[in-house]
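What follows is one structure encoded as structure tokens, with my remarks underneath.
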Amino acid sequence: MSSAPRDLVLLERLGAEGLWDGGRWGNESVEMRTLNVSLTDELAAKINRMVDEKGYATKSEVVRDALRSYFTELDWELTLKGEILAVVTLSFRIDRKGIFDEISLLAHRHEDIIATTMHHHLGRSCLEVVLVRGEAALVRDFVEELRVVRGIEAVRVIAA
């Protein structure tokens, strides 16, 4: 299955945001723009690992693939409307003082859409799964508030 439609949407979005200035699709060459990005040593090591373990030809391919996934998820979340049922997963480390309290306060503030939660530990890492049901805008607000909590490493949403 070709990824061209998804990639074209990404390229159009990047072009609209001034991050990509054209090019062609398919067997023809695509002009690329070079961006300088500062990364922590940990993120740089993860990119290097992806090149080695997943068979990417270059670090740039890893970053492009990650950006495509990010923009696809973002676009999908922004198009949700009406009442939805969703699973929100978040991972974090318990090392950050007060993180449980912050997550708990957010959950209480959004108790009108939270059906249930499940929390599990593996060493110093935690995984929280939250089943939500409600208007897409309210779910989106909850997810966006989680994403800015310092110490939460990842937030993912699967909605129906």
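The values are calculated or read from the model by the stated rules, or taken from the named source; none is laboratory data. Predicted model, so just to flag it, every value in this text is computed and none were measured. Because the Cβ atoms are built from the backbone with ideal geometry, glycine has one as well, and the counts that use them run over all protein chains shown.
Step by step: first the residues of the stretch 41-71, then only those that are touching a helix residue (DSSP H, G or I) at 6+ places or on another chain (Cβ under 6 Å) and either modelled with pLDDT under 90 or among the small types (Gly, Ala, Ser) (or both), then the one that is nearest to Arg150 (Cα to Cα). Which residue is that? Per the stated criteria, the residue is Phe71. Val157 meets all of the listed conditions (1) closer than 13 Å to Leu80 by Cα; (2) at pLDDT 95 or above but one, namely (2).
How many residues does the stretch 74-84 contain that are part of a helix (DSSP H, G or I) and either among the hydrophobic types (A, V, I, L, M, F, W, C) or touching a residue at least 24 places away in the same chain (Cβ under 8 Å) (or both)? Residues flagged as part of a helix (DSSP H, G or I) and either among the hydrophobic types (A, V, I, L, M, F, W, C) or touching a residue at least 24 places away in the same chain (Cβ under 8 Å) (or both) within the stretch 74-84 amount to 5.
Conditions (1) loosely packed, with under 13 Cβ neighbours inside 10 Å; (2) assigned to a helix (DSSP H, G or I); (3) touching a residue at least 40 places away in the same chain (Cβ under 8 Å), marked per residue:
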residue: Phe92; (1), (2), (3): no, no, yes
residue: Asp101; (1), (2), (3): yes, yes, no
residue: Ser104; (1), (2), (3): yes, yes, no
residue: Ala107; (1), (2), (3): no, yes, no
residue: Glu111; (1), (2), (3): yes, no, no
residue: Glu144; (1), (2), (3): yes, yes, no
residue: Glu153; (1), (2), (3): yes, no, yes
